[in-house]
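**Q** First the structure, then my questions, so here it is.
The values are calculated or read from the model by the stated rules, or taken from the named source; none is laboratory data. Treat the numbers as computed from the prediction; the structure is a model and nothing was measured. Heavy atoms of the whole protein, side chains included, go into the accessibility calculation; ligands, DNA and RNA do not. Shrake-Rupley method; radii C 1.70, N 1.55, O 1.52, S 1.80 Å.
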Amino acid sequence: MRRAAGDVQDLNGLYQILSLLGEGGTGHVYLARHLRHRRLEAVKVLKPEVAQSLSARFRREARAMNRLR
């Protein structure tokens, strides 16, 4: 995450981070606005120390959540 103009948190130029929703052992979940699609989404940011070991599991969870829409 980086700070953009006006002290707004930005994630890879795709999301505007609005607030922290929660945190746990694997990372933080933020309420964010997708800048291209103009919708609110929950974005999970994994802690670096667990990102590699959980990346396959996280992708499966993301696919499952998308199917629920």
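**Q** For the chain, report the accessible area per residue in Å² (1.4 Å probe, heavy atoms, rounded to an integer).
**A** Normalised by residue count, the accessible surface of the chain is 77 Å².
**Q** Something else about it: Which whole-Hz couplings ³J(HN,Hα) result when phi for each residue of the stretch 10-15 is put into the Karplus expression 6.51 cos²θ - 1.76 cosθ + 1.60, θ = phi - 60°, listed in order with x for Gly and Pro?
**A** Once θ is set to phi - 60°, the couplings for the stretch 10-15 become 10, 10, 6, x, 9, 10 Hz.
**Q** Which entry is the computed Rg and Dmax of the Cα atoms in Å for this structure: (i) 12.6, 42; (ii) 12.7, 36; (iii) 11.0, 31?
**A** (ii)
**Q** Could you derive backbone 3J(HN,Hα) for the stretch 30-41 from the dihedral phi with the Karplus parameters 6.51, -1.76 and 1.60 (θ = phi - 60°), listing whole Hz in sequence and x where the residue is Gly or Pro?
**A** These are the phi-based 3J(HN,Hα) values: 10, 7, 9, 9, 6, 6, 7, 8, 6, 9, 7, 9 Hz.
**Q** Using only helices, what value at 222 nm comes out for the chain when you add -39,500 (n - 2.57) per DSSP H run of length 4 or more and divide by the total residues, to the nearest 500 deg cm²/dmol?
**A** -10000 deg cm²/dmol
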